[in-house]
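The structure appears right after this line, and notes come after that.
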Amino acid sequence: MKAIFIFIKSNKLLIISLYTAAFFYFCLLALLTLSMNQSSLELNVAKNYQGKNLYQISDELYNEKERAFFSQLNSFQKLNNFSNELGANQAFTYYTAVWQPIEIANFEGNTVFDAYYESGNNQPAFEINNTSYRTVKSVQMNAAAIELNNLELNEGRKFKDKEYILNENQTKLPIILGTEYSKEYKVGDTINILYYQKQFVGEVIGILKSSQKIMTVQEPELILDRYVILPTLKFESLPSSYGTGIFFKALLLSKINGNIITELNPFQIRSELNNISLRTEFNQFTVIGANGKVIDTIVDMTKMNRNILFIGMTVLLITLIAIFIMVLRVIINKSVEVYKVLLISGYSMEEVAKLIHYKTSLIQFAGLIIPFLLIILIANFSITIIIAYILVSLFSIAVILIVTKLYTRNLINKIDVVRQLKG
């Protein structure tokens, strides 16, 4: 151990350079591990859609058609029956993920949560009954959307089946928050919200992990870090108050404007929808699709992005390994005087080689400490990511040590230390 400290003391600047190279190497390795884990999650999500056709249902209720339809006494019941049959159909998966801003009472969070922040059209807070409200980003999702996108939580839980059902006079709703909301709220907190202008108390039941993504009708990829997630509500029977306000009308309309994900061809899917239309007596909708090529393109792009990421990071890692070995070579070449002292003290050339080997190991493990702690915190103590990082790091250390050992032995064999001792 004393000899190792002699090595370090005699080459302080180069040792610092070697440690710096090791530190950045393991930081990049941590970044690669996290990126590959995220890429694998995205690829697994994409595979849920692979080989499927994507159809979009869009209602035709606008202007005069809308007024005429809702003038019928059973219009709400028709919409409710139609949306419920879409969700219950076994021939396809009905997917709803609807972008729908909500209002939060007395919200003091950053403006990044505002519904129109990204477009630069933030709306000022407004008051209702002496309570200040701010409009924030939100999306309402059914169980299929959560399952197909493999959404993962940092803490808490997902919606239970019964929580998708809205009962009469219900005033409390479960909500899941994007990861950036963790600075504002915690699981168990309650938030007063306006949902389609109807007052509810939202109970936080879960907080998403970072960078969770979903597909919506508007865009193929929506990052949920700054979103409030609501369950797509359904009614087993319409409440007696359904005719008041815009809540029930807006909710029912949003539910029938979703996506169908299936292996059925256009003829088959239209046959299924016609049957549903006949049973529910609602036919004022159009079907857009099939769009299977778009899904396959998304899957292919996800795979390509993962491959590009892997190749790029691999090139950087190989570059850092090369720098590490070059610095190590300079240290060995500049340590001849130290070799002399060790040889005079009774060390053999084999023992000197081992000391270099031990020193290299010590520097690598020292460079690993901070990146390892960082990945534990960033990965939120994910056992899978931590184990993957440890295995990759140990493999990298083993490769570097083998290369170093072979190079050191070859280099030392070329150095005529005895002649240098004679002067």
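In nm, what is the difference between 0.36 nm times the number of residues separating Q72 and V315 and their Cα-Cα distance?
Length gained, Q72 through V315: 80.8 nm.
What distance in nm lies between label points placed 7 Å from Cα along the C-beta direction at R270 and E351?
It works out to 8.8 nm between the two label points.
Going 7 Å from the Cα of N283 in the Cα-to-Cβ direction, what parts of segment 71-98 have a backbone nitrogen less than 16 Å from that spot?
Within reach of a label on N283, which here means backbone N under 16 Å from a point 7 Å along Cα→Cβ, segment 71-98 contributes 78-79, 82.
Run the quick spin-label model on I370 and R157: label points 7 Å from Cα toward the beta carbon, then report their separation in nm to one decimal.
Each label point is offset 7 Å from its Cα along the Cβ direction, giving 4.2 nm.
Can you tell me how much longer the chain between Y407 and L377 gets when fully stretched, taken as 0.36 nm per residue apart minus their C-alpha distance, in nm with one decimal?
Once the chain is fully extended between Y407 and L377, it gains 7.2 nm.
What ranking do 192-200, 97-105 get when scored by the average of other Cβ atoms within 10 Å per residue, highest first?
Per-residue mean Cβ counts within 10 Å order the peptides as 97-105, 192-200.
In vacuum, with every alpha carbon of segment 173-239 counted as one equal point scatterer, what does the Debye formula give for log10 I(q)/I(0) at q = 0.17 Å⁻¹? Two decimals, please.
-0.69
Mean separation of Cα pairs under 8 Å and 6+ residues apart, divided by the residue count of segment 131-236: what relative contact order is that in percent?
40 percent
Consider a paramagnetic label point 7 Å from the Cα of N37 along Cα→Cβ; state which residues of segment 177-218 have an amide N under 16 Å from it.
Counting only backbone N, you get 208-213.
Looking at this model, which pairs from K137/K186; K52/K249; K137/K198; K162/K183; K162/K255 are more than 27 angstrom apart at the alpha-carbon?
K52/K249; K162/K183
Quick check: Cα centre of segment 198-217 to Cα centre of segment 79-130, how many Å?
If you average the Cα positions of each part, the centres end up 10 Å apart.
Hey, with R₀ at 22 Å, roughly what FRET efficiency would I128 and E168 work out to, going by the Cβ-Cβ distance, to 0.05?
Efficiency at R0 = 22 Å is approximately 0.40.
In whole Å and largest first, what semi-axes does the C-alpha gyration tensor of segment 69-196 yield when each eigenvalue is scaled by 5 and square-rooted?
Largest first, segment 69-196 gives 28, 21, 15 Å.
To the nearest 0.05, how large is the calculated FRET efficiency for Q90 and Q56 if R₀ is 25 Å and r is the Cβ-Cβ distance?
Taking R0 as 25 Å, the efficiency between Q90 and Q56 is 0.80.
Every number in this text was worked out from the coordinates using simple rules, so none of it is lab data. A quick note: this is a predicted structure, and the numbers were derived from the prediction, not measured. Cβ atoms come from the backbone with ideal geometry, glycine included; neighbour counts cover every protein chain shown.
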